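Colleague: The structure follows.
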Amino acid sequence: MDFTPTYHERNLENIAQLGDNTKDKAIEWYQYLIENKIDILIYETIRSEATQKANFAKGASQTMKSYHIVGQALDFVPVDGKTTLWNGYGSAEAKKAISYAKKLGFEWGGDWSSFVDKPHLEYAYKGYGTDTFKTKGNKITLVTKKATTVKTETKTETKKTTYTLPTGTYKKGSKGTAVKQIQEALNKLYFKCGTADGIWGAKTEDALRRFQSVHCNPVDGIYGKNTRAAMLKQLNK
Ligand SMILES: [Zn+2]
């Protein structure tokens, strides 16, 4: 990693406490922040019912049905070195972070009208309390581009792999080996689209749009010349 967040270890420990699906999204988000050198502290994720009761009692929280209790929420604050920027949610960087979180499906407490909660991001998944905890507390390994390259190099031992991608245009409804290759590339770049099954559905389109919104134009969900070039650039970095 070219950039390591100030509170990296603490951030990873907190993310590790989340429910499985929320955690996947949080990792994807955090990965994006690192790639864009946006420094934050994730200071709380899961919360006990006792803590929530206390927060509720002192007015810091409006509900006992907090997404924190069920491992589907995290609280973060922008930081500059060790300084926490509690008024920093309006900065260009923070806005970028929040907008990407929303793209991933998080709801931001800063958008709420009755009780504005700027540090808060929650992931509904299939509804309140629906996330699972099979991997809770497991150590998180971030799939950085560097790590991907190292892995490939170990496998081939002598020469560095140069990635290739199909030419042509692919979009929702496309099928086949080429689509599978694109899906594998998206997953490798951490724009997750689920299992690479060679069928271009909603998940693949969403992942491609997210990739485009970071790396190329236009953001149209269609794989063509520009997207191919941008993906190759990232893969062969
Ligand atoms: Zn919160």
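The values are calculated or read from the model by the stated rules, or taken from the named source; none is laboratory data. For clarity, every value in this text was computed on a predicted model and none was experimentally measured. Neighbour counts are summed over all protein chains in view; Cβ atoms, including those assigned to glycine, are modelled from backbone coordinates with ideal geometry. These area figures cover heavy atoms from the full protein model, side chains too; ligands, DNA and RNA do not enter into them. Shrake-Rupley method; radii C 1.70, N 1.55, O 1.52, S 1.80 Å.
Colleague: Would you mind computing, in nm to one decimal, how far apart the modelled labels at Ala229 and Asp80 are, each placed 7 Å from Cα along Cα→Cβ?
Modeller: 3.7
Colleague: Under Stokes-Einstein, with the Kirkwood radius over Cα pairs standing in for Rh, what whole-number D in µm²/s applies to the chain at 10 °C and 1.306 mPa s?
Modeller: 83
Colleague: Ok, one more. Filter the cross-link list Lys134/Lys237; Lys65/Lys95; Lys25/Lys203; Lys188/Lys237; Lys23/Lys180; Lys25/Lys188 down to pairs whose alpha-carbon distance in this structure exceeds 23 Å.
Modeller: With Cα atoms farther than 23 Å apart: Lys134/Lys237; Lys65/Lys95; Lys23/Lys180.
Colleague: Extension gain Ala92-Lys237, at 0.36 nm per residue separation less the Cα-Cα distance, in nm?
Modeller: 49.6 nm
Colleague: Right, here's the next one. Met64: accessible area at probe 1.4 Å, nearest 10 Å²?
Modeller: 60
Colleague: Treating the angle as unsigned and between 0 and 90°, give the value, to the nearest 10°, between the Cα long axis of helix 92-103 and the longest Cα principal axis of the chain.
Modeller: Taking the Cα atoms of the chain, the angle to 92-103 is about 80 degrees.
Colleague: Also: Taking a point 7 angstrom from the Cα of Lys126 along the C-beta vector, which residues in the range 60-83 have backbone N less than 19 Å away?
Modeller: Residues passing the 19 Å test: 67, 70-73.
Colleague: Using a 7 Å offset from the Cα along the Cα-to-Cβ direction at both Asp2 and Phe56, what is the distance between the two label points in nm, to one decimal?
Modeller: So the two model labels end up 4.7 nm from each other.
Colleague: Something else now. With a point put 7 Å past each Cα toward its Cβ, work out how far Ile199 is from Thr162 in nm, to one decimal.
Modeller: Result for the modelled spin labels: 3.5 nm.
Colleague: Net charge near Leu208, counting Lys/Arg +1 and Asp/Glu -1 over other residues with Cβ under 10 Å of its Cβ?
Modeller: So the surrounding residues net to +2.
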